[in-house]
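Right, one structure below, let's go through it.
The values are calculated or read from the model by the stated rules, or taken from the named source; none is laboratory data. None of the values given here were measured: they were computed from a predicted structure. Each accessible area value is taken on the protein alone, full model and side chains, heavy atoms only, with ligands, DNA and RNA left out. Shrake-Rupley method; radii C 1.70, N 1.55, O 1.52, S 1.80 Å.
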Amino acid sequence: MINKQKDTMTTLKEIKTKEDSPSLEQAQKFVGGLVECVHLDTGTLIVDEEGKMKDKPINEVASKMYADKYGNADIVVGDAIYIPNGIQSDWHR
C-alpha cells in the first residue's frame, strides 16, 4: 500500500505596488493553472479556476476573505494572489 501525503501548505501573496501586479502568465504560474478573479470589497483575489477539481488544499486566509464578502457558501483552495483596491492594477474591475 502506498500512502501519499498531500501538501497542505498554501500561500496568499499580497501585491504591494503597481509594479508587482502580475501578468497573466505570472499569475497562472503562481496559482498553478487557469486564473479566476474573485472581487472583494477590499480588493481582488486571483485563484486557480480548477483548484477544487485538482483537489488542492484549502487556503484558510483567502477563504476567510471570501467569507467576509460572500458568506461561508464556498472556499478558496490552493495558492492565491491578493491585490488590494489601493494598488492600481488591470486585475480590478
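Any chance you could look up the accessible area of residue 38 with a 1.4 Å probe, heavy atoms only, rounded to 10 Å²?
Roll a 1.4 Å probe over it and residue 38 shows about 20 Å².
Here are labelled values, [x] 7.1; [y] 6.6; [z] 6.0, and one is the computed mean projected area of the Cα convex hull in nm² for what I pasted. Which one?
[y]
What accessible area, in Å² to the nearest ten, does a 1.4 Å probe give for residue 75?
Taking all protein chains as shown, residue 75 has close to 70 Å².
Where is the GNM fluctuation largest for the chain (alpha-carbon springs, 10 angstrom cutoff): 15, 83, 46?
Among 15, 83, 46, the largest mean-square fluctuation in the Gaussian network model of the chain belongs to 15.
Tell me what the chain gives for mean residue ellipticity at 222 nm when only DSSP H runs of n ≥ 4 count, each as -39,500 (n - 2.57), the sum divided by the residue total, rounded to 500 deg cm²/dmol.
Details: 2 runs with 19 residues, N = 93.
About -6000 deg cm²/dmol.
Among the listed pairs 13/64; 29/56; 18/54, which have their C-alpha atoms separated by more than 20 angstrom in this model?
Correct reply: 18/54.
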